[in-house]
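K.L.:
I have a structure I would like to understand better, so I am pasting it below and will then ask my questions one at a time.
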Amino acid sequence: MASALKLTLLLILFFTLPLEAQKKKNKKDIEPITQTLEVLPDPPPAVKVESTRLVFYTSPLTSKGLLSQQSKDALTALRRQARGATIVKLRAFVAGRGDARRVSAIVSEQFSEWKLPLPALTILQIGALPLEGAQVQIEAIAEDRKPVNMNGVAWLLATQITKPLAESGDVNAVQPILEESMNGLKGEVLAVTCFVSNLDNPSNLERAMATKFPSAARTLLQAQRATGSGLARCEAATRRTIGDPDRLVLTGSIIGFGTDEQAIQLVQTRLTKLLESNNATLIERKGYGVSRSLENRLGSIAVIEGVGSNEATFALEAIGLQKN
């Protein structure tokens, strides 16, 4: 009986082991499934909007997390503020040495996840934000469901104020320069952005902006990490009170490399062609550069740390008027 049992077990093993070996071999022969990452769409170079429906927002500052987390939190906050309005343009200010190029991917990821159309995008690198640990602040222009600006929107740039600062250690030295620049902005201000030379006393500067423009979306930035003089440069969007409203084209930024005439002409030509392809003519151009010397060729620009790429030296964006 024992011999018969042993024989049975031997026969089972004889037939089972080759089958198990064949299964293992077949598993090895199966090619592993390669996961293909989804290619995210790029933000559009320009968007068409109705000026009567434009609304403006600025993301709250936070020091929680690093650049990626702060960017996601900023976009979520802006979406919440917009309350269903379609965000059509973003301008992101990245402080410190974070990889500003990462912001574009985060914008594409978030808007694709939300199944919302991508906005035009400008990414700028600045010296600092008025909160320690904050790495990014994002401004948004959105198109509301109904008209809120019956005569449209005007775009203003105050005179840049630059003055030498006495080495007195006065942390409020920039405030009168900021106030002088803000005084150049007239009308009902909907959004205001001010570049200053330092943020030694940010709470006083923010209070000055809030007092002057209590209802506006406000952004306060240190343009560069270090500068030898006091500086304030403010720009604003205001609600027009007369005239017919416009249909506009808002572009993202186009970056340039170098400081020679050929490099600048190339970007200017690309910007002109972008507006023409959207049946629009230029009404406002904003310039950003890493050197004051670029003003000789570009005109008035905001001199900042970078323009979205480590190698780029300047960037241009535009507001165009759609032709009838």
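The values are calculated or read from the model by the stated rules, or taken from the named source; none is laboratory data. Values in this document were obtained by computation on a predicted structure and should not be read as measured data. Glycine gets a Cβ as well: all are built from the backbone with ideal geometry, and neighbour counts include every protein chain shown.
K.L.:
Residue check, Arg207 against (1) basic (Lys, Arg); (2) over 20 Å from Thr159 (Cβ atoms); (3) touching a strand residue (DSSP E or B) at 6+ places or on another chain (Cβ under 9 Å), all met but one. Which one?
P.N.:
In the conditions (1) basic (Lys, Arg); (2) over 20 Å from Thr159 (Cβ atoms); (3) touching a strand residue (DSSP E or B) at 6+ places or on another chain (Cβ under 9 Å), Arg207 misses (3) alone.
K.L.:
Out of Ala120, Ala95, I need the residue that is over 15 Å from Thr193 (Cβ atoms) and touching a strand residue (DSSP E or B) at 6+ places or on another chain (Cβ under 9 Å). Which one? Lay out the reasoning, then the answer.
P.N.:
Working: Ala95 fails: over 15 Å from Thr193 (Cβ atoms).
Going through Ala120, Ala95 in turn, the sole match is Ala120.
K.L.:
Can I ask one more? Going through Thr259, Thr219 one at a time, which residue ends up being of a type in the set (Val, Ile, Thr), surrounded by fewer than 20 Cβ atoms within 10 Å (Cβ to Cβ) and not assigned by TED's automatic domain parsing to the domain that holds Leu90?
P.N.:
Thr259
K.L.:
Turning to a different aspect of this structure: Residue by residue through segment 121-141, note down the ones that are assigned to a strand (DSSP E or B), surrounded by fewer than 23 Cβ atoms within 10 Å (Cβ to Cβ) and more than 11 Å from the chain's Cα centre (by Cα).
P.N.:
Hit for segment 121-141 is Ala128, nothing else.
K.L.:
Out of Arg218, Arg233, Arg285, Arg270, I need the residue that is assigned to a helix (DSSP H, G or I) and either under 19 Å from Leu185 (Cα atoms) or in contact with a strand residue (DSSP E or B) (Cβ under 7 Å, 6 or more places away or on another chain) (or both). Which one?
P.N.:
Being assigned to a helix (DSSP H, G or I) and either under 19 Å from Leu185 (Cα atoms) or in contact with a strand residue (DSSP E or B) (Cβ under 7 Å, 6 or more places away or on another chain) (or both) holds for just one of Arg218, Arg233, Arg285, Arg270, which is Arg270.
K.L.:
Related question: Any idea which of (1) surrounded by 16 or more Cβ atoms within 10 Å (Cβ to Cβ); (2) free of Cβ contacts under 8 Å to residues at least 60 places away in the same chain is the one Leu118 doesn't satisfy?
P.N.:
Among (1) surrounded by 16 or more Cβ atoms within 10 Å (Cβ to Cβ); (2) free of Cβ contacts under 8 Å to residues at least 60 places away in the same chain, the lone unmet condition for Leu118 is (2).
K.L.:
Name the single residue that is nearest to Pro245 (Cα to Cα) among those in segment 304-324 being touching a strand residue (DSSP E or B) at 6+ places or on another chain (Cβ under 6 Å) and of a type in the set (Val, Ile, Thr).
P.N.:
Applying the filter and picking the extreme gives Ile319.
K.L.:
Return the total of residues in segment 299-314 being more than 17 Å from the chain's Cα centre (by Cα) and either of a type in the set (D, E, K, R) or not assigned by TED's automatic domain parsing to the domain that holds Gln262 (or both).
P.N.:
Matching residues across segment 299-314 total 1.
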